[in-house]
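The values are calculated or read from the model by the stated rules, or taken from the named source; none is laboratory data. If you're wondering where the values come from, they're calculated on a predicted model, not measured in any experiment. Ideal geometry is used to build each Cβ from the backbone, glycine not excepted, and the neighbour counts take in all protein chains shown.
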Amino acid sequence: MTNADKTGTTIVGQLRALDTATLFESGARATMGPEIRMLSGDCRLAGPALTVMCPPGDNLMIHLAVARAQTGAVLVVQSHDPGYGVWGEVLTIAAMARGIAGLVLDGSVRDLGAIRRLGFPVFAR
């Protein structure tokens, strides 16, 4: 798990104003494929990334990341088990309590109806 350098609020605001296509076309190399889609929330998401890698069938590192994340952080999670829903309602509530801005997940989500009702931004498969 790594925490990106703290990004100034001015830069985060500027990035939030841009759409995904513009950022992609700017030559940004750290992008995800088109299969990652907005599943919950209705917003643009920008903030310092807290990256997490999960071994197959395990989401313990996500719990640790939620506990350590700074307010405004975006969790960026790589799950190595697409059949295992590593994120759900309980983690969403915990993330919202910590002030986490949203989730970008290369993996599966469960409890999507509850997450949508909570309005937490989730981008995933």
- Filter the range 73-125 for residues that are in a strand (DSSP E or B), within 14 Å of CYS54 (Cα to Cα) and of a type in the set (Gly, Ala, Ser) and give the result. SER79, GLY85, SER108
- Given (1) surrounded by fewer than 14 Cβ atoms within 10 Å (Cβ to Cβ); (2) at pLDDT 90 or above, number of the condition THR31 does not satisfy: (2)
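For (1) among the hydroxyl-bearing types (Ser, Thr, Tyr); (2) within 13 Å of the chain's Cα centre (by Cα), each residue gets a yes or a no:
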position	(1), (2)
THR20	yes, no
SER26	yes, no
MET38	no, yes
ALA46	no, yes
LEU50	no, yes
MET53	no, yes
MET61	no, no
VAL76	no, yes
SER79	yes, yes
- Message: Among the numbered criteria (1) modelled with pLDDT of 80 or more; (2) touching a Ser or Thr at 6+ places or on another chain (Cβ under 6 Å), which one does ALA97 miss?
- Response: (2)
